[in-house]
Amino acid sequence: MGKILEIAELGHPVLRERASEVENLEDEGVQNFIDNLIATGAEANGVGIAAPQVYESKRIFIISSRPNVRYPKAPEMEPTAIINPSILSFSEEKEKDWEGCLSIPGIRGLVPRHRTIKVKYLARDGKEVEREFSDFIARIFQHELDHLNGIVFLDRIDSNKELVTEKEYQKLISRSLDNE
Ligand code: K1U
Ligand code: ZN
């Protein structure tokens, strides 16, 4: 249904800008863009994708969660558009876990994130939503919200020693599954 868009990579200035609020959600162009963002995230096998990652500096992202090797208990969440989001409150407790980024291919890092967050955003039909997310979905939300503020996960890691290549990450994951 949607068109596949090109993904911007680290070094392009669009990934370092603060994206603009969306004011015309009823606009057909904005609705088509959301369809294209969903299609692009699915094609890239992402669990999220933010508008700046396809060179559009707008406050829109998609979350699309499913159980996976790293998070076998991750809830199913159909691709959901999140518009003009904000975090209302968060747990002091942070957890570190592995993240990747479609704009930083081949690298994974251990990123500390708030475990639980209360958030507010507009759904694609313009309705205001307030809800709480925890664990994997809270992590995706924080990763994507960072993209709207020009922040990438590399900015959040505690040490460069907590960065690995995709090849080493795959070895790490299979070793940790063997030990379960
Ligand atoms: O925004 C992006 O660059 C997408 C990124 C989001 C993300 C990944 C991991 C933790 C938090 C946020 C990705 O989806 S990269 C692909 C990926 O890491 C993954 C894919 C399927 C299952 C699990 C992770
Ligand atoms: Zn990313």
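Remark: pairs (first residue in the stretch 86-104, farther than 17 Å from residue 69 by Cα and among the hydroxyl-bearing types (Ser, Thr, Tyr); second residue open to solvent by 30 Å² or more (accessible area, probe 1.4 Å) and within 14 Å of ligand 1 (Cβ to nearest atom); Cβ separation under 6 Å; 6+ apart in sequence or on different chains) = 91/114; 91/115; 103/9; 103/10. Here 172, 145 are screened, and the one residue that is within 16 Å of ligand 2 (Cβ to nearest atom) and in contact with a strand residue (DSSP E or B) (Cβ under 8 Å, 6 or more places away or on another chain) is 145. One residue stands out among those in the stretch 63-94 that are among the charged types (D, E, K, R) and more than 12 Å from ligand 1 (Cβ to nearest atom): the one that is nearest to residue 23 (Cα to Cα), which is 78. Taking the criterion of being on the phi > 0 side of the Ramachandran plot and small (Gly, Ala, Ser), would at least one residue in the stretch 24-32 satisfy it? No, the conditions are met nowhere in the stretch 24-32. Sort out which residues of the stretch 157-180 are part of a helix (DSSP H, G or I) and open to solvent by 100 Å² or more (accessible area, probe 1.4 Å), and write them in order of number. Answer for the stretch 157-180, where residues must be part of a helix (DSSP H, G or I) and open to solvent by 100 Å² or more (accessible area, probe 1.4 Å): 160, 161, 167, 175, 178. The set of residues from the stretch 107-135 being more than 12 Å from ligand 2 (Cβ to nearest atom), touching a Lys or Arg at 6+ places or on another chain (Cβ under 8 Å) and open to solvent by less than 20 Å² (accessible area, probe 1.4 Å) comprises 113, 119. Highlighted here are the strands (runs of 3 or more DSSP E) found entirely within the stretch 48-96 that include at least 2 residues which are over 28 Å from residue 32 (Cα atoms) and open to solvent by 30 Å² or more (accessible area, probe 1.4 Å): 77-90. Scanning the stretch 105-124 for residues that are among the charged types (D, E, K, R), away from ligand 1 (no atom under 11 Å from the Cβ) and touching a residue at least 60 places away in the same chain (Cβ under 8 Å) returns a single hit, 124. Considered as a group, the residues in the stretch 1-23 that are touching a Phe, Trp or Tyr at 6+ places or on another chain (Cβ under 8 Å) and in a loop (DSSP other than H, G, I, E, B) include one that is surrounded by the most Cβ atoms within 10 Å (Cβ to Cβ), and that residue is 5.
The values are calculated or read from the model by the stated rules, or taken from the named source; none is laboratory data. Predicted, not measured: the structure shown is a model, and the values here were computed from it. Methodologically, a virtual Cβ is constructed for each residue, glycine included, from the backbone with ideal geometry; neighbour enumeration extends over all protein chains shown. Surface areas here come from the heavy atoms of the whole protein model, side chains and all, with no ligands, DNA or RNA. Shrake-Rupley method; radii C 1.70, N 1.55, O 1.52, S 1.80 Å.
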